[in-house]
1. Return the residues of segment 255-264 that are in contact with a helix residue (DSSP H, G or I) (Cβ under 9 Å, 6 or more places away or on another chain) and crowded, with 20+ Cβ neighbours inside 10 Å; say none if nothing qualifies.
2. With segment 85-165 as the region, which helices (runs of 4 or more DSSP H) entirely inside it contain at least 1 residues that are closer than 29 Å to residue 199 by Cβ, at pLDDT 95 or above and within 16 Å of ligand 2 (Cβ to nearest atom)?
3. Which residue pairs have Cβ atoms closer than 6 Å, lie 6 or more positions apart in sequence or on different chains, and pair a first residue in segment 159-173 that is under 17 Å from residue 136 (Cβ atoms) with a second residue that is open to solvent by 20 Å² or more (accessible area, probe 1.4 Å) and outside any loop (DSSP other than H, G, I, E, B)?
4. Output yes when any residue across segment 40-53 is away from ligand 1 (no atom under 16 Å from the Cβ), assigned to a loop (DSSP other than H, G, I, E, B) and without any contact (Cβ under 8 Å) to a residue 40 or more places away in the chain, and no when none is.
5. Within the bounds of segment 283-293, is there any residue that is of a type in the set (S, T, N, Q) and not in a loop (DSSP other than H, G, I, E, B)?
6. Could you grab me the full set of residues in segment 2-21 that are open to solvent by 50 Å² or more (accessible area, probe 1.4 Å) and either within 15 Å of ligand 2 (Cβ to nearest atom) or assigned to a loop (DSSP other than H, G, I, E, B) (or both)?
7. Among the residues of segment 22-32, how many are more than 7 Å from ligand 2 (Cβ to nearest atom) and open to solvent by 50 Å² or more (accessible area, probe 1.4 Å)?
8. Can you find, within segment 171-226, the residue that is farthest from residue 145 (Cα to Cα) among those that are open to solvent by 80 Å² or more (accessible area, probe 1.4 Å) and among the hydrophobic types (A, V, I, L, M, F, W, C)?
Amino acid sequence: MLQDAFGRKFYYLRLSITDVCNFRCNYCLPDGYQCDHDRDFLSLSEITRLANGFSQLGTEKIRITGGEPALRKDLPEIIQACKGTDGIEHVAMTSNGFNLLQKAKDWIDAGLDSLNISIDSLDPRQFEAITGKNKLDDILAGIDKCLTLGLTNIKINSVLMREFNQHDLNQFFDFVSKTPITLRFIELMQTGNNLEFYNAQHVSGQQIENTLLEKGWRLTTRPKTAGPALEYQHDNFAGKIGLIRPYSKDFCSTCNRLRVSALGKLHLCLFADEGLSIREYLDSDNSLALQNAIREMLAEKKPTHYLQQGHTGATTQLSMLGG
Ligand code: SAM
Ligand code: SF4
């Protein structure tokens with residue numbers, strides 16, 4: 001079992017398989033994807049060894065992320081490799097959903113257990129203003145398709161922004177009243193590249209949390225491999241509402257996840273000062289050296305991210321690592 005100096009246990013790996021993205025979300029890649037390195041991303045066999053090494057250390061859940069993970073042609077094989085690893089009970093993915101309608105069946109057949117889709121507005125024009133893509137209707141149709149195919153563990157992620165969706169929250173609540181999925185509001189985080197945008201657009205999720213409690217929403221219990229969201233349910237709503245509030249007090253005390261970039265670097269925190277290379281341990285099936293390296297590196301994990309102090313570490317934008 002992986003445990004850090006503060007007693008936190010790590011059951012959950014977020015694995016980026018590419019940093020390339022085809023969207024231009026205003027808070028993440030406003031100028032689109034710019035490549036400043038070789039696109040030498042982890043191969044299927046490296047990913048298989050990585051999953052095996054982490055599972056030997058107690059990891060039970062892997063979230064595949066990016067960039068946009070659905071841009072990888074071998075995505076079904078990657079899902080299958082993670083799912084086929086002894087000890088990995090849950091394979092999840094975070095995607096912008098651009099090809100969900102066409103690919104949902106392949107991913108489900110490969111063993112995908114759950115899916116998070118990013119939708120920052122339910123107004124098609126606003127969605128396009130945020131992402132640069134006129135794709136909202138396709139993405140919503142893709143979600144319906146997943147539900148029809150039996151993939152019901154779907155969550156929508158919406159980044160809260162003062163001018164882009166803050167006034168539209170009722171649209172989200174109407175959607176959740178009828179649709180049996182969880183919608184999570186994420187507080188916009190500062191990254192190395194978005195300070196001006198962050199200062200203009202960041203809003204706290206506290207007001208939403210207060211409103212939920214006033215209106216009789218109840219906090220659900222959090223499984224040990226859950227992400228950082230606090231999720232609320234209400235008898236009159238088919239779906240749930242979640243809040244991810246990285247700026248809230250004690251947010252990091254329940255941290256249970258580690259991250260590996262598409263170039264094979266271990267990031268002990270989303271806002272760590274550097275990624276620590278573990279790629280050299282992925283060229284052999286003997287995973288002991290990999291396991292020892294991860295254990296040693298984990299000793300350096302800090303108690304918190306220091307985002308409140310404006311510390312964004314090496315993270316220029318979240319497409320580097322997958323959020
Ligand atoms: N491309 C995929 C997607 O958008 O779902 C996966 C990668 S994306 C970096 C993962 C998540 O991070 C998305 O839900 C996105 O909205 C969120 N995200 C990106 N930049 C963010 C920021 N500065 N603050 C808060 N959330 C952010
Ligand atoms: Fe791409 Fe996801 Fe970043 Fe949007 S949030 S630009 S979809 S990586």
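The values are calculated or read from the model by the stated rules, or taken from the named source; none is laboratory data. Quick caveat: nothing in here was measured; it's all calculated off a predicted structure. All Cβ positions, glycine included, derive from the backbone under ideal geometry; neighbour counts span all protein chains shown. Note: accessible area is taken over every heavy atom of the protein model, side chains too, but ligands, DNA and RNA are not part of it. Shrake-Rupley method; radii C 1.70, N 1.55, O 1.52, S 1.80 Å.
1. The answer is 258, 260, 261, 262, 264.
2. Fully inside segment 85-165 and qualifying: 124-131, 136-149.
3. 159/186
4. Yes - at least one qualifying residue is present in segment 40-53.
5. Checking segment 283-293: at least one residue is of a type in the set (S, T, N, Q) and not in a loop (DSSP other than H, G, I, E, B).
6. 5, 6
7. The total comes to 2.
8. My answer is 195.
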